[in-house]
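**Student:** Next up is a structure, given as structure tokens.
The values are calculated or read from the model by the stated rules, or taken from the named source; none is laboratory data. The model shown is predicted, which means the values in this text are computed figures rather than measured ones. Using ideal geometry, Cβ is built from the backbone for each residue, glycine included, and neighbour counts are taken over all protein chains shown.
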Amino acid sequence: MGRFLGRLFIVAIALLLVRCTAVETNSIASKEDIPEAKYRKFVVYIENLDDNERPQAEQIVVSTLQTAGLSAVSAPDYFKDRGKLNEQQKARLVQKDFDAVLYLTVVEKGVFEEIVPDVTHQGDVLVYTKQLIPGFGATFATDIGTTLYDLKPDGSVYKQMFGLKTQVDIQDTKSAKNVWTSVTAASGEVHVTNISILFTQASNQIVSKMREDHAI
């Protein structure tokens, strides 16, 4: 029984240490400028992202919009067979074929450290302490997984996170007004997260927020 409880405590601490992808979106909608019929056809531009990462990100955003029942295409796919067009020609085509332009700009992308709450270390041993109710708490210790974390001299424990912050602007093609803006922050632990996962999580929440704000 003692060994079983020990294993149970170790599993409990492991679950407490692991955090799934976290995503948060804040938005501002210009409701008076959004048409009653809302937006159904989008062309997608992704900006400030490396050329080797952008096609996959565009596909994720486009697919998320399509899954939501909308018509969507990335700008490179839309223009690639149309020869060399100037900006005025592109604007006329977009106005003709789409209700709105979705500009997604990568504001920040990279690795950062985040403190693990309620966890300290004693040498190579992680110690989890939680106050369950005022005046009463519980403490568990385990030596699992310390290589996944940064153990600081003051006893604190940090983990490496991969983060993505994006800004999305929706422009009405008829009025050329920006009618909806959002900022989304997504992050997850480095050893279980990549750019595709973060773009997928962020895109899902962005589209959900667009629907909540009656833009789609």
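**Student:** Of the conditions (1) basic (K, R); (2) part of a strand (DSSP E or B); (3) exposed (fewer than 14 other Cβ atoms within 10 Å of the Cβ); (4) at pLDDT 85 or above, K130 satisfies every one except a single condition; which number is it?
**Tutor:** Going through the list (1) basic (K, R); (2) part of a strand (DSSP E or B); (3) exposed (fewer than 14 other Cβ atoms within 10 Å of the Cβ); (4) at pLDDT 85 or above, K130 breaks only (4).
**Student:** Inspect all residues belonging to segment 191-214 and state whether any of them is in a strand (DSSP E or B) and modelled with pLDDT under 95.
**Tutor:** Step one: list which residues in segment 191-214 are in a strand (DSSP E or B), which gives none.
Checked against the condition, which is being in a strand (DSSP E or B) and modelled with pLDDT under 95, segment 191-214 yields no hits at all.
**Student:** Suppose we filter Y158, Y103 for residues that are surrounded by 15 or more Cβ atoms within 10 Å (Cβ to Cβ), modelled with pLDDT of 95 or more and touching an Asp or Glu at 6+ places or on another chain (Cβ under 6 Å); which single one remains?
**Tutor:** Details: Y158 fails: modelled with pLDDT of 95 or more.
Result: Y103 is the single residue among Y158, Y103 that is surrounded by 15 or more Cβ atoms within 10 Å (Cβ to Cβ), modelled with pLDDT of 95 or more and touching an Asp or Glu at 6+ places or on another chain (Cβ under 6 Å).
**Student:** Cβ-Cβ distance below 6 Å, separation of 6 or more or different chains: which pairs start in segment 174-186 with a residue that is closer than 30 Å to M161 by Cα and end on one that is of a type in the set (S, T, Y) and modelled with pLDDT of 95 or more?
**Tutor:** S182/T25; S182/S27; T184/T25; T184/T166
**Student:** Based on this model, can you work out whether E108 counts as surrounded by fewer than 13 Cβ atoms within 10 Å (Cβ to Cβ) and of a type outside the set (A, V, I, L, M, F, W, C)? Before the answer, list the steps.
**Tutor:** Numbers: surrounded by fewer than 13 Cβ atoms within 10 Å (Cβ to Cβ): yes; of a type outside the set (A, V, I, L, M, F, W, C): yes.
Yes; evaluated as a whole, the condition is true for this residue.
**Student:** Within segment 46-66, how many residues turn out to be touching a strand residue (DSSP E or B) at 6+ places or on another chain (Cβ under 7 Å) and touching a residue at least 24 places away in the same chain (Cβ under 8 Å)?
**Tutor:** If we filter segment 46-66 for residues that are touching a strand residue (DSSP E or B) at 6+ places or on another chain (Cβ under 7 Å), which is where we start, we get 46-49, 54, 57-58, 61-62, 65-66.
Right, trim to touching a residue at least 24 places away in the same chain (Cβ under 8 Å) and you get 46-49, 57, 61, 65.
Within segment 46-66, residues that are touching a strand residue (DSSP E or B) at 6+ places or on another chain (Cβ under 7 Å) and touching a residue at least 24 places away in the same chain (Cβ under 8 Å) number 7.
**Student:** Among the β-branched types (V, I, T), more than 30 Å from I34 (Cβ to Cβ) and surrounded by 15 or more Cβ atoms within 10 Å (Cβ to Cβ): which single residue out of I170, I195 fits that description? Please lay out each step first, then the result.
**Tutor:** On the way: I170 fails: more than 30 Å from I34 (Cβ to Cβ).
Criteria check complete, one pass: I195.
**Student:** I'm told I115 meets every condition in (1) of a type outside the set (F, W, Y); (2) modelled with pLDDT under 80; (3) within 22 Å of S187 (Cβ to Cβ) except one. Can you identify the failing condition by its number?
**Tutor:** (2)
**Student:** Just to check your reading of the model, which residue among V116, V94, V62 is out of contact with any Gly (no Cβ under 8 Å at 6 or more places or on another chain) and not in a helix (DSSP H, G or I)? If you could, list the steps in order and put the result at the bottom.
**Tutor:** Numbers: V94 fails: not in a helix (DSSP H, G or I); V62 fails: not in a helix (DSSP H, G or I).
When all the criteria are applied, what remains is V116.
**Student:** Of everything in segment 67-95, what is at pLDDT 95 or above and surrounded by fewer than 14 Cβ atoms within 10 Å (Cβ to Cβ)? Give them in sequence order.
**Tutor:** Across segment 67-95, the qualifying residues are T67, G69.
**Student:** If you don't mind, another one. I need the full set of residues from segment 153-173 which are in contact (Cβ under 8 Å) with a residue 60 or more places away in the chain, in a loop (DSSP other than H, G, I, E, B) and either closer than 15 Å to F112 by Cβ or charged (D, E, K, R) (or both), in order please. Break it down stepwise before answering.
**Tutor:** Let us first name the residues in segment 153-173 that are in contact (Cβ under 8 Å) with a residue 60 or more places away in the chain, namely 159, 166-173.
Then keep just the ones that are in a loop (DSSP other than H, G, I, E, B); that gives 173.
None; the set is empty.
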